[in-house]
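As structure tokens, the structure follows; a few thoughts come after it.
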Amino acid sequence: MIPVMPFTADPAPATGSTGNVWNWDFAIEIFPAILRAFIEVTLLVTVVGTVIAALLGLVIAILLRVLPRPLAFVLRWAANFIRMTPLVVQLLVLYYGFTWMDPLTIGFIVFGIHYATYMSEVYRAGIDSVPKGQWEATKALSMSAGRTWRRVVIPQALRSTIPSLGNYAISMFKDTPFLFVISVAEMVRVAQTIGAQTFRYTEAITIAGLIFLAASYPTALLINRLEKRLAYAN
Amino acid sequence: MDWLEQQQQNFESLQNFGPRLWDGFLLTVQLTLLGAALAFVIAVILGLMGGSPKWWLRTPARIIIEFFRGTSLLVQLFWVYYVLPLFGLTLESPFTVGVIALGVNYGAYGAEAVRASMTSVASGQWEATVALSMSWTHKIRRVIFPQAWALMIPSLANLLVHLLKGSAIVYIVGLNDFNFELDQLRRVTSAWFSYAFVGLIGYFAFALALTQGMRLLEIRAKHRLGQGLSMREILSPAPKVPTSGIQPGGAS
């Protein structure tokens with residue numbers, strides 16, 4: 001899955017004398033491969049996973065409100081169960097349980113469902129924050145249930161949820177290296193493979209870490225500002 | 001009854017694997033608790049530094065927090081495992097590697113919780129400590145931290161569950177934890193039986209125990225601040241009475 005690359009720059013393994021720990025030529029040579037894995041796999045999983053989680057989370061949050069008590073109880077505990085068990089084990093269940101399935105697809109499904117349980121809590125808080133008078137008004141206007149949700153409740157509930165959803169998307173992004181265990185060639189796995197081929201781990205692992213930092217920190221700042229602006233608008 | 005026979009075999013394998021799985025589970029428990037202890041120490045230190053009005057304390061804390069929050073847990077695990085030895089810091093056991101990686105990663109997240117809860121302690125409390133000219137340690141230890149502690153427990157409980165879930169990845173640096181033993185069990189049974197049935201339920205039970213333990217800590221912390229019932233009152237079967245104020249209709 002990960003091509004063995006012929007490296008030209010300094011194939012000598014890092015020996016432990018501190019002068020040999022970091023090699024710029026080597027770092028520059030391996031950078032494109034790591035960046036490619038980042039764009040092609042890490043970002044892809046984050047985007048697809050976030051879309052699934054955001055939609056499924058909303059469905060869960062609504063179901064928790066509209067289902068009859070016993071069913072809602074079961075659903076709530078199912079969501080708790082998924083939320084409180086390791087993503088790694090969930091990935092492994094599907095990886096060995098559905099051997100016919102492509103590991104990347106398993107990644108989409110597991111990340112989508114796992115984070116949907118988190119996002120459903122965000123939506124739940126958003127739905128709870130819609131004033132009671134709004135519900136009563138829809139009753140007074142004898143709106144159908146579907147119309148009430150689509151036109152009144154969800155538009156008001158969604159506004160305040162966006163920053164929290166963004167924060168969970170960042171969390172998911174930083175969890176994508178867990179795909180390592182089901183041998184998806186995401187960024188950290190590519191970095192580790194380069195390290196194993198050349199016995200030089202420092203450059204590859206550090207580059208992977210810095211790419212994470214470079215992507216997640218500005219996004220977090222942006223979400224922070226959005227949060228402040230929304231709070232101000234309210 | 002092919003399926004039943006299969007399950008019977010699975011449970012037999014589970015019985016044979018019992019002691020190993022239990023050892024692995026205990027290792028996961030140790031990894032989680034020690035990782036959490038280290039994370040808590042780091043969180044308190046970085047949180048206090050990050051909330052300080054002095055820029056030369058605040059800036060380094062912010063950089064460290066953002067660095068460890070921004071890079072991923074697995075990257076940090078590999079860093080501790082592969083790169084630290086090059087600087088002459090060889091950690092002989094993968095257990096130590098796991099504890100350090102979990103500790104620094106979740107410690108950085110915890111630092112934010114510590115800092116946020118310290119700032120949400122009522123400003124009158126801060127002003128009062130200044131008015132009484134308390135020393136910094138006295139003020140933090142006796143006034144601010146006990147109140148912040150009650151506020152930060154819910155977020156720390158969340159992080160603790162995250163830490164437990166994160167500990168499942170540490171087996172890839174060669175630790176025979178619960179997840180590793182589940183993989184061994186999977187080889188003789190099936191993924192559904194070992195990972196989904198034994199594994200997820202085992203992790204879930206431990207996570208529930210941790211959250212309940214944190215809830216008790218929260219009750220205790222709040223009671224010590226004069227809010228809410230004490231643990232004994234909550235656990236006792238006697239009817240609950242309000243802890244403060246005049247009881248309705250009663251002579252005092």
| said: Using only Cα atoms and rounding to the nearest 10 degrees, what angle (0 to 90) does helix A:187-198 make with the longest principal axis of chain A? | reply: 10 degrees
| field | For the stretch A:19-104, size of Cβ-based charge dipole, Lys and Arg +1, Asp and Glu -1, in debye | value | 740 debye
| Normalised by the number of residues in the stretch B:22-177, what is the relative contact order in percent for Cα pairs under 8 Å and 6+ residues apart? | 37 percent
| By a straight-distance test (C-alpha under 20 Å), which aspartates and glutamates pair with A:Lys132 as possible cross-link partners, with residues fewer than eight away in the same chain excluded? | A:Glu121
| note | Here the Kirkwood hydrodynamic radius of the protein assembly as shown, Cα-based and in Å, equals 25.2 Å
| note | The local net charge around A:Tyr118, scoring Lys/Arg +1 and Asp/Glu -1 for residues other than A:Tyr118 whose Cβ lies under 15 Å from its Cβ, equals +3
| field | Cα pair count fraction exceeding 23 Å, expressed as % - the stretch B:85-237 | value | 56 percent
| chain A: C-alpha pair distances exceeding 34 Å, % | 32 percent
| request: Sequence neighbours fewer than 8 away in the same chain don't count; with that in mind, list the lysines whose C-alpha is under 23 Å from A:Lys174. | output: B:Lys165
| request: Enter the mean number of other protein chain beta carbons within 10 Å of the beta carbon of each residue in A:183-196, as an integer. | output: 2
| Taking a temperature of 10 °C and a viscosity of 1.306 mPa s, what whole-number D in µm²/s does Stokes-Einstein yield for the stretch A:121-191 with Rh from Kirkwood over alpha carbon pairs? | 107 µm²/s
| Among A:Asp128, B:Asp2, which comes first, then next, by fewest other beta-carbon atoms within 10 Å? | B:Asp2, A:Asp128
| message | Which of A:His114, B:His138 has the fewest other C-beta atoms within 10 Å, and how do the rest follow up to the most? | response | B:His138, A:His114
| query | Which whole number gives the average, over all residues in A:171-179, of C-beta atoms from other chains lying within 10 Å of the residue C-beta? | reply | 4
| So how strong a dipole does the stretch A:127-234 carry about its Cα centre when Lys and Arg Cβ are +1 and Asp and Glu Cβ are -1, to the nearest 20 debye? | 500 debye
| field | Diffusion constant of the stretch B:22-177 at 25 °C, which comes from Stokes-Einstein with the Kirkwood Cα-pair radius and 0.890 mPa s, µm²/s | value | 148 µm²/s
| remark: Here the Cα Rg-to-2.2 N^0.38 Å ratio for the stretch A:186-234 is 1.77
| note | A correct fewest-to-most ranking of B:Leu38, A:Leu94 by other Cβ atoms within 10 Å would be B:Leu38, A:Leu94
| query | If you line up the long axis of helix A:87-97 against the longest principal axis of chain A, both from Cα atoms, how many degrees apart are they, to the nearest 10? | reply | 80 degrees
| said: Less than 12 Å Cβ to Cβ from B:Thr129, Lys/Arg counted +1 and Asp/Glu -1: what total charge do the surrounding residues give? | reply: +2
| query | Considering every residue in A:208-218, what mean count of other chain Cβ atoms within 10 Å of its Cβ is obtained? | reply | 5
| request: Run down the lysines and flag those whose C-alpha is under 20 Å from the C-alpha of B:Lys54, throwing out any fewer than 8 positions away in its chain. | output: B:Lys139
| remark: The relative contact order of chain A, taking Cα pairs under 8 Å that sit 6 or more residues apart, comes to a percentage of 30 percent
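Each reported figure results from applying straightforward, stated rules to the coordinates on display, with no laboratory input. Bear in mind the structure is a predicted one, so any value in this text is a computation, not a measurement. Methodologically, a virtual Cβ is constructed for each residue, glycine included, from the backbone with ideal geometry; neighbour enumeration extends over all protein chains shown.
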